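Report on the structure given below.
The values are calculated or read from the model by the stated rules, or taken from the named source; none is laboratory data. No experiment lies behind these values; they were computed from the predicted model shown. For neighbour counting, all protein chains shown are included, and Cβ atoms are generated from backbone atoms with ideal geometry for every residue, glycine included.
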Amino acid sequence: MTDAARSALAVNEAYQALGNERFEADGATFVRNREIPDIWDANHVTDVTAATPDEIDGLLARVEREFTGFSHRQFRVDFTTPPALEARLTLGGYQRTETLVMLLEGELQGQAKRHEIRPLTDDASWQAYTALHDLDWREYKERMPGTGGFDEKTVEAMMRSRQLKSPPVHHWLACVDGEPRAYLSSWGGVAGVGMVEDLFTHPDFRHRGLATALIHHGVSEARREGAGPIVIGADTTDTPKRMYAALGFRPVAVKREYLKRLNT
């Protein structure tokens with residue numbers, strides 16, 4: 001279980017780092033992208049080993065230097081993280097959220113309904129993806145009111161972040177009557193472990209099997225690229241984790257995100 005959890009966490013973090021600068025310093029790994037400084041996935045600190053008070057002081061000072069002028073600070077931690085670091089972040093007023101990391105090691109359970117699934121290959125498909133993503137982001141903001149407002153600049157930056165991952169990440173649209181109504185990303189991953197991520201279905205087209213069809217397609221594509229086990233992440237406060245479990249994904253770890261917003 002520990003090996004599976006470590007592999008799943010490593011692939012999950014490697015996915016977030018794609019398209020961004022990544023470097024190690026002062027007992028942690030830094031992920032940074034100056035082009036899109038407000039995007040948490042593209043600008044955070046992870047894989048922390050700093051454990052003593054002096055080491056943590058040094059890491060926090062380095063974070064301030066590396067992210068000077070950025071509107072937030074974020075640390076991503078898990079069961080390997082020294083507890084003293086989490087304690088310091090909690091004392092420092094960081095807000096905590098959690099992601100359930102799940103792993104599929106065998107075949108998916110059940111059958112997928114037949115739906116047209118297209119890759120994103122041109123501007124028109126990216127525009128359709130963006131329109132769906134706007135709905136996704138608005139829903140997230142309504143469900144998590146403490147995460148700030150909805151603004152066009154942030155949405156554009158989020159889309160840029162996803163474009164920077166492709167390739168090697170593949171983005172897929174599921175269609176109803178020729179119109180895109182859901183999306184998913186897939187990746188062949190690292191060391192034989194792949195990932196599917198960023199699943200969303202238009203609220204007017206849910207319970208039609210679009211999400212299940214996309215997961216089946218994404219898993220197949222990741223395995224076609226050499227993956228065996230497949231990782232998916234789920235918000236611990238939302239319901240999709242139950243669908244993933246029914247499809248055969250099992251929970252292996254919890255990743256915790258500590259965020260502080262700054263007035264810059």
Could you say which residue among LEU89, LEU103, LEU60 is farther than 30 Å from THR154 by Cβ and either touching a residue at least 60 places away in the same chain (Cβ under 8 Å) or surrounded by 15 or more Cβ atoms within 10 Å (Cβ to Cβ) (or both)?
LEU103
Counting only residues that are surrounded by fewer than 17 Cβ atoms within 10 Å (Cβ to Cβ) and modelled with pLDDT of 95 or more, which one in the range 115-135 is farthest from TRP40 (Cα to Cα)?
GLU116
Could you please find all residues in the range 188-233 being over 18 Å from ALA5 (Cα atoms) and in contact with a Phe, Trp or Tyr (Cβ under 9 Å, 6 or more places away or on another chain)?
ASP198, LEU199, PHE200, THR201, ALA211, LEU214, ILE215, HIS217, GLY218, GLU221, ALA222, GLU225
Out of the residues in the range 167-177 that are in contact (Cβ under 8 Å) with a residue 60 or more places away in the chain and either within 24 Å of VAL190 (Cα to Cα) or touching a strand residue (DSSP E or B) at 6+ places or on another chain (Cβ under 6 Å) (or both), which is surrounded by the most Cβ atoms within 10 Å (Cβ to Cβ)?
VAL169
Please tell me if SER166 is polar (S, T, N, Q) and in a loop (DSSP other than H, G, I, E, B).
yes
Test of understanding: among LEU164, LEU184, LEU210, which residue is surrounded by fewer than 22 Cβ atoms within 10 Å (Cβ to Cβ) and either in contact (Cβ under 8 Å) with a residue 60 or more places away in the chain or in contact with a Leu (Cβ under 6 Å, 6 or more places away or on another chain) (or both)?
LEU164
Selection from the range 189-228 of residues part of a strand (DSSP E or B) and under 27 Å from TYR140 (Cα atoms) yields GLY189, GLY194, MET195, VAL196, GLU197, ASP198, LEU199, PHE200, THR201
Return only the number of the condition from (1) of a type in the set (A, V, I, L, M, F, W, C); (2) over 14 Å from VAL176 (Cα atoms); (3) assigned to a helix (DSSP H, G or I) that VAL231 does not satisfy.
(3)
Selection count, the range 213-229, where residues are in contact (Cβ under 8 Å) with a residue 60 or more places away in the chain and within 21 Å of ARG118 (Cβ to Cβ):
6
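Residue-wise test of (1) of a type outside the set (Asp, Glu); (2) touching a residue at least 24 places away in the same chain (Cβ under 8 Å); (3) closer than 22 Å to LEU100 by Cα.
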site: ALA4; (1), (2), (3): yes, yes, yes
site: GLY19; (1), (2), (3): yes, yes, no
site: GLU24; (1), (2), (3): no, no, no
site: THR29; (1), (2), (3): yes, no, yes
site: THR49; (1), (2), (3): yes, yes, yes
Subset of the range 29-54 [touching a strand residue (DSSP E or B) at 6+ places or on another chain (Cβ under 7 Å) and surrounded by 21 or more Cβ atoms within 10 Å (Cβ to Cβ)]
PHE30, VAL31, ALA42, ASN43, HIS44, VAL45, THR46, VAL48
Tell me which strands (runs of 3 or more DSSP E) are completely within the range 25-126 and hold 1 or more residues being closer than 30 Å to ALA213 by Cβ and not β-branched (Val, Ile, Thr), or say none if there are none.
95-104, 116-119
